Amino acid sequence: MLKLPGLIDPHVHLREPGATHKEDYDSGTSAALAGGITIVLAMPNTKPPIFDSDTLDLALNAAKQKARCDYAQFVGAGPNNGDWDEALPKRAAGLKMYLDSTFGELRLDDMTLWMPHFENYPKTMPIVAHSESRSMAAAILFAAIYDRPVHIAHISLKEEVLLIKAAKERGIKVTCEVCPHHLFLSKDDIPTISNGHPGRGEVRPRLATRKDVDALWENLDVIDCFATDHAPHTIEEKDSDNPPPGFPGLETILPLLLTAVSESRLTIPSLIEKMYTNPKKIFNLPGQLETWVEVDENATYEVKASEQFTRCGWTPFEGWKVKGKVRKVVLRGMTAFEDGKILALAGYGLNVRG
Ligand SMILES: [Zn+2]
């Protein structure tokens, strides 16, 4: 039995408020525990989006009643909320900026709207940028100009990992995360994932080429965190005429990475660094006393959506054979998950920024 620290997922979409038929703080944090994750950082592109004190309260009130693991909630950068003081950022996981596929109230049409956020958001708290390719280069330039840390979400391309490597070598305060689906899947896998339903292959950033996937593996030392970008949509929505992009991932990240460990593509110390040590440091997260995850390293099994706690009802890894199963999760001295059962009650989870 392998013992790991309680793992941290700095990038999840729990769909609350506004789309709780896909997921909510209850089902999403249950999925986290089943996946060996004891802290989730929730993204703000909900309905309504989380961007001020009132909307933050809306999410945190739901979380307080429902969360089964610990959590913090991001606030989003919009066109009119760049005049940050100290108070609100202290209550948030960090600031999320959507620099590419922007939509709704978190839309940032030009770079003058980025400036107040980089200027005013406290430098002790991270800005997380959804920024692909050349907008990622722009986000790194902003980090250099404003001399503040920026964390690049879900990198997927060779050009991205190489530019981050170069920026780090020059002392720019940039960190990054990569998602399991960009490590284990390429665009060549889309026909298999889709299986006649093209919407199931839709995710942002899109699945990349084999060359990009290889570059991520070759530059693992540049990657600070593994994060799921758990983005649940129901199977009906994925199979509709207008499928929303996004993959669930909370329950598959650890078995996929442990399988890579069993194949000598990754080491346990590197896994702990990227799922515990680094996210804890980057996001200034407190320790969780008496918290650990027990994993049976040798258990092999098949990934099945029907056995998952996420409400979305599907996974792009359906039928994959993996090695390494979460047996038990102890969270702050209490067994929160054991042998396929969630034991932590709704409301047991704490706000780590509370
Ligand atoms: Zn996301």
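The values are calculated or read from the model by the stated rules, or taken from the named source; none is laboratory data. On a predicted model such as this, the values are computed, not experimentally measured, just so you know. Please note: Cβ atoms are built from the backbone with ideal geometry, for glycine as well, and neighbour counts cover all protein chains shown. Note: accessible area is taken over every heavy atom of the protein model, side chains too, but ligands, DNA and RNA are not part of it. Shrake-Rupley method; radii C 1.70, N 1.55, O 1.52, S 1.80 Å.
Applying the set (1) surrounded by fewer than 24 Cβ atoms within 10 Å (Cβ to Cβ); (2) touching a helix residue (DSSP H, G or I) at 6+ places or on another chain (Cβ under 8 Å); (3) acidic (Asp, Glu) to GLU251 leaves exactly one unmet item: (1). For the residues ARG170, ARG206, the requirement of being within 16 Å of the ligand (Cβ to nearest atom) and surrounded by fewer than 17 Cβ atoms within 10 Å (Cβ to Cβ) singles out ARG206. On the stretch given as segment 133-158, residues that are within 12 Å of CYS176 (Cβ to Cβ) and in a loop (DSSP other than H, G, I, E, B) total 6. Scanning segment 57-87 for residues that are within 30 Å of PRO5 (Cα to Cα) and surrounded by fewer than 19 Cβ atoms within 10 Å (Cβ to Cβ) yields a count of 4. Within segment 252-270, not a single residue is closer than 22 Å to PRO5 by Cβ and of a type in the set (Asp, Glu). Only one of the listed residues (ILE127, ILE164) is away from the ligand (no atom under 16 Å from the Cβ), under 25 Å from LYS281 (Cα atoms), crowded, with 19+ Cβ neighbours inside 10 Å and of a type in the set (A, V, I, L, M, F, W, C). That residue is ILE164.
Every condition in (1) under 19 Å from THR310 (Cβ atoms); (2) open to solvent by 20 Å² or more (accessible area, probe 1.4 Å); (3) not in a loop (DSSP other than H, G, I, E, B) is met by LYS90 except one, and the failing one is (1).
From the list ALA42, ALA19, ALA87, which one is closer than 18 Å to VAL150 by Cα and either under 17 Å from the mean Cα position of the chain (by Cα) or aliphatic (A, V, I, L, M) (or both)?
The conditions single out ALA42.
State which residue is nearest to the ligand (Cβ to nearest atom) when the search covers only segment 25-48 and only residues that are in a loop (DSSP other than H, G, I, E, B) and open to solvent by 10 Å² or more (accessible area, probe 1.4 Å). Taking the candidates together, the pick is ASN45.
The set of residues in segment 115-124 being hydrophobic (A, V, I, L, M, F, W, C) and open to solvent by 10 Å² or more (accessible area, probe 1.4 Å) consists of MET115 alone.
Checking the stated criteria, PHE337 turns out not to satisfy the condition of being over 17 Å from TYR71 (Cβ atoms), aromatic (Phe, Trp, Tyr), in contact with a helix residue (DSSP H, G or I) (Cβ under 8 Å, 6 or more places away or on another chain) and open to solvent by less than 20 Å² (accessible area, probe 1.4 Å). Looking at GLU177, is it within 16 Å of the ligand (Cβ to nearest atom), surrounded by 23 or more Cβ atoms within 10 Å (Cβ to Cβ), over 21 Å from THR46 (Cα atoms) and touching a residue at least 60 places away in the same chain (Cβ under 8 Å)? Answer is yes for this residue.
LEU95: surrounded by fewer than 23 Cβ atoms within 10 Å (Cβ to Cβ) and either in contact with a Cys (Cβ under 7 Å, 6 or more places away or on another chain) or under 23 Å from PRO17 (Cβ atoms) (or both), yes or no? No: the conditions fail for LEU95. With respect to the conditions (1) in contact with a strand residue (DSSP E or B) (Cβ under 9 Å, 6 or more places away or on another chain); (2) more than 16 Å from the ligand (Cβ to nearest atom), ASP229 falls short on a single one, namely (2). Filtering segment 189-232 to residues that are under 18 Å from ILE164 (Cα atoms), of a type in the set (Val, Ile, Thr) and not in a loop (DSSP other than H, G, I, E, B) leaves VAL213, VAL222.
Can you list residue pairs whose Cβ atoms sit under 7 Å apart, with the first residue in segment 228-250 being more than 16 Å from VAL303 (Cα to Cα) and touching a residue at least 24 places away in the same chain (Cβ under 8 Å) and the second being outside any loop (DSSP other than H, G, I, E, B) and polar (S, T, N, Q)? Count only pairs 6 or more apart in sequence or on different chains. Between residues of segment 228-250 that are more than 16 Å from VAL303 (Cα to Cα) and touching a residue at least 24 places away in the same chain (Cβ under 8 Å) and residues that are outside any loop (DSSP other than H, G, I, E, B) and polar (S, T, N, Q), there is no close pair. Under 6 Å by Cβ, and 6 or more places apart or on different chains, what pairs join a residue from segment 203-218 that is small (Gly, Ala, Ser) with one that is open to solvent by less than 70 Å² (accessible area, probe 1.4 Å) and modelled with pLDDT of 95 or more? Within 6 Å, the pairs are ALA208/SER156; ALA208/LEU157; ALA215/VAL161. In the set (1) out of contact with any strand residue (DSSP E or B) (no Cβ under 7 Å at 6 or more places or on another chain); (2) open to solvent by less than 30 Å² (accessible area, probe 1.4 Å), GLY313 fails one condition alone, (2).
Just one of the listed residues (VAL322, VAL352) is over 27 Å from PRO205 (Cβ atoms) and either open to solvent by less than 20 Å² (accessible area, probe 1.4 Å) or touching a residue at least 40 places away in the same chain (Cβ under 8 Å) (or both), and it is VAL352.
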